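Values in this text are rule-based calculations from the coordinates and carry no lab data. Only a predicted model underlies this, so the values are computations on that prediction, with no experimental measurement involved. Using ideal geometry, Cβ is built from the backbone for each residue, glycine included, and neighbour counts are taken over all protein chains shown.
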Amino acid sequence: MSLALQDLRNTMSSYKRATFEEDDVSDATADTASSPDAVEVGFRKGGVDLLGRRTRLEVLLSVLLLVSLLALLTCLLLLGLGFSSDSGRGLCLTEACVSVAAQMGEAMDRNVDPCSDFYQFSCGGWVRKNPLPDGRSRWSTFNSIWEQNQALLKHLLENGTFNGSSEAERKTQSYYLSCLNTQRIEELGAQPLVDLIAKIGGWNMTGPWDKDNFMEVLKVVSGPYRAQPFFSVGVSADPKNSNSNVIQVDQSGLFLPSRDYYLNKTANEKVLVAYLDYMVELGMLLGGERSSTLIQMQQILEFETALANITVPQDQRRDEEKIYHKVTIAELQLLAPAVEWLDFLSASLSPLDLNDTESVVLYAREYLQQVSELINRTDRSLLNNYMMWTLAQKSVASLDQRFENAQDKLLESLYGTKKSCTPRWQTCIGNTDDTLGFALGALFVKATFDKHSKDIAEEMINEIRSAFKDALDRLGWMDQHTKQAAKDKDSFLR
């Protein structure tokens, strides 16, 4: 499977509120099977899915790197506040400290004047020693670390015995090993997806379908199969109160990396043609007849374009305060009545016991209102076709080589890079991480984390928070009201 495949799948649900990484989306190869550059969004900030978003294990690794950087920042703060080396703990000469210091030194280019080109001074050595690998359109330290961790996970999953472990860990190993069984995958061909489509009511593209099961299809493709047409749903910490989790709903539904691909048709004609060709080829592989499949896939592409028109651009989503809206399920029902929200959320988040008073955070209030209107005025057969299409493209990674080859053509048009020869085990590690990231992350932690690591990390964080509060009191340009608000925000962090 292409290194770009997982990135393409992940961005399906990641066209969400802006992050500091959003400027990289258009350049992201779908390297996710072997890198963490994709930013997944299903369960917000830790979940999935098609063209950008970090998986749960990758988020874990990123947090570890962030903690290390924050520790360095703490040292700089202490120095800046006038602490001498004698009052601290002295120079760290542990194996880890020496190794990290050496890596940072090797990454620098000391021949460059930092006042003239600070980036080259800081990173020139790393760029020189790490040329862009074949088949990649980007490469970073995250990619390198992820490849090292993949090798460790490969050893765990192929050599570990999980008979006495949790069911989740046993399923993780079983999923990975089944992904390696390419002979069985080729024997099954498209049949697993064909059977699934029939089970949930059929697809107008390939055969008879149930016209009256819009909500049932929506619940299935969005819940167990995480395709997330129309919008994304997840559970994560409330940004305004990190002590509690809250249901979060955001805009979603676009297959291509950005709404601009749909709206700027002249500049993106090549990609749109390749996308339509890909859609038709998948439809035919699942049993559709070419002429009717082409017509219906064109309609789906037009529907996605309509979604792109109401999707809020990322540059208008940078301020979370402005896009954050907390409502009840009852209020959400009034805002977007095309969906039976209590039924949908209860099915998606089972076994949670929900009622109309449950809080939901919306990050695209206007979009949800408009997508409800779009659903109400769209023919049911087209809605069914669109939802089944999201399910089909979500399932490509689990199907035979014909589906992979079809997607590779699209990825080359999107990113300008050809499929690299990724070992099957790397592809399967990426797929397992995307599907069972929490369980895979638990295996990784058990195998690699020293039992005192958490205590050390918590101590560093507490020191950073203490330095932050001290620095606040020294700021002459900030009024007392703002200082207190910052301290209150800090007290909510856990």
In segment 290-366, the GluC sites (Glu not before Pro) that sit in a DSSP loop and have at most 15 other Cβ atoms within 10 Å of their own Cβ are E340
Scaled by the rule-of-thumb 2.2 N^0.38 Å, the alpha carbon Rg for segment 201-272 gives a ratio of 1.53
So for R0 = 60 Å, FRET eff. of Q191-A471 from the Cβ-Cβ r, to 0.05, ends up at 0.45
Residue separation between H481 and L91 times 0.36 nm, minus their alpha-carbon distance, gives in nm 136.6 nm
So the compactness index of segment 110-206, its C-alpha Rg divided by 2.2 N^0.38 Å, takes the value 1.82
For K322, counting only lysines whose alpha-carbon sits under 26 Å away and dropping same-chain residues fewer than eight positions off, the answer is K16, K45, K240, K483, K487, K489
Ordered by number, the trypsin sites (Lys or Arg not before Pro) in segment 188-264 that occupy a DSSP loop and have at most 14 other Cβ atoms within 10 Å are K211, K240
In order over segment 190-197: 3J(HN,Hα) from phi, Karplus 6.51/-1.76/1.60, θ = phi - 60°, whole Hz, x for each Gly or Pro, gives 8, 4, x, 6, 4, 5, 5, 4
Assertion target for I145, I200, I247, I295, ordered by fewest C-beta neighbours within 10 angstrom first, is I295, I145, I200, I247
Full extension between Q333 and E458 adds, at 0.36 nm per residue less the Cα distance, a length in nm of 40.9 nm
With 0.36 nm assigned to each residue of separation and the Cα-Cα distance removed, M104 to K322 gains 74.6 nm
